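Undergrad: I have a structure here, written as structure tokens, and I will follow up with some questions on it.
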Amino acid sequence: MKRSVGPIVVALLTIMVTFAGIHAFAPEMFQRSASLGYQLLGWSASRCSRFPIPCLETRFRELREAEAKLAVAGARLRREVERVHNIVAEHSLLAEKNKRLLSEARSIHPDAKASPDSPVEFAGRTYPRFSIFESQVKLLFDERPHIERQLHHATQLYEKLKRKADELAITKANITSQRELLPAEIESLRASSTHVDITERLEEIQNTLSAGNVNLLDNQSVITTTRDILANLDNMESLGNSTSRNTRDFEKFIESGIEGE
């Protein structure tokens, strides 16, 4: 028994007429319905060219999501900057205190050495004889390179984090600017009766999004590196004075003072 093709033809014609009607009298509805699949498939240049409004609406959502992620990342990075800044301040204070104590010790060293069995007043304490006083001064002297090294690493880390935080803030500002422009551009497209080429605009948005993604990945890497470096600083601190400087270095300090002083 042969089936009639009439109903099938009628159904196809009905669908075609329906889509043609939607396209003619409600073009935006047509764009939305025809582009639903592209939300899953992704927006290629040709798809965006055919359906610019939903394409830009998708880009708007992507910019908003990237902006939110960068805001969270920026807050985390600023906390790291503040933390390392405090560490730099602590090490700077420690280095200054060490320098002041060594300068004081050097000023009283000749008189103390001249009376080796007499008590020595130094840094609020009384040392029963010169040899014990000198041992304390050597300990401070051996500690100085370690303190300076810590301060150097902490300062470098702070400068790096501060630079990354500034870069992240600029990237976020660019994304915010792009997002804020899009609603007006979408409305302009809706009001336009002619086709508008948005290729360059899409490329600009994509470059901004790509920069945001790079900064997000780099931010995580920087924070991980920061934790490693801070852990190394802690290890350096626990090592303390494991390596003593030689006697000649100490004698040179007593003669000439701290280098660069």
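The values are calculated or read from the model by the stated rules, or taken from the named source; none is laboratory data. Since we're looking at a predicted model, the values are computed, not measured. Cβ sites come from the backbone with ideal geometry, for glycine too, and all protein chains shown count toward neighbours. Note: areas computed on protein heavy atoms with side chains; ligands, DNA, RNA excluded. Shrake-Rupley method; radii C 1.70, N 1.55, O 1.52, S 1.80 Å.
Undergrad: Report the residue count in segment 186-218 for those that are part of a helix (DSSP H, G or I) and open to solvent by 60 Å² or more (accessible area, probe 1.4 Å).
TA: 13
Undergrad: Can we say F60 is out of contact with any Ser or Thr (no Cβ under 6 Å at 6 or more places or on another chain), within 20 Å of L181 (Cβ to Cβ) and aromatic (F, W, Y)?
TA: Yes.
Undergrad: Scan segment 176-192 and report the pairs whose first residue is over 14 Å from P54 (Cα atoms) and whose second residue is of a type in the set (A, V, I, L, M, F, W, C) and in a helix (DSSP H, G or I), with Cβ atoms within less than 8 Å and a gap of 6+ or a chain change.
TA: Q178/L63; Q178/I205; R179/F60; R179/L63
Undergrad: Given the criterion at positive phi and aliphatic (A, V, I, L, M), identify the matching residue among A123, A68.
TA: From the options A123, A68, the qualifying one is A123.
Undergrad: From (1) in contact with a Lys or Arg (Cβ under 9 Å, 6 or more places away or on another chain); (2) open to solvent by 60 Å² or more (accessible area, probe 1.4 Å); (3) touching a residue at least 12 places away in the same chain (Cβ under 8 Å), pick out the condition that doesn't hold for P119.
TA: (3)
Undergrad: Another one. Six or more apart or on different chains, Cβ under 8 Å: which pairs go from a residue in segment 56-73 that's aromatic (F, W, Y) to one that's assigned to a helix (DSSP H, G or I)? Could you list them?
TA: Between residues of segment 56-73 that are aromatic (F, W, Y) and residues that are assigned to a helix (DSSP H, G or I), the close pairs are F60/R179; F60/L182; F60/P183; F60/I186.
Undergrad: Another one. Pick out the one residue from E65, E80 that is acidic (D, E), modelled with pLDDT of 80 or more and crowded, with 17+ Cβ neighbours inside 10 Å.
TA: Among E65, E80, only E80 is acidic (D, E), modelled with pLDDT of 80 or more and crowded, with 17+ Cβ neighbours inside 10 Å.
Undergrad: Right, R106: among the charged types (D, E, K, R), assigned to a helix (DSSP H, G or I) and in contact (Cβ under 8 Å) with a residue 40 or more places away in the chain or not?
TA: yes
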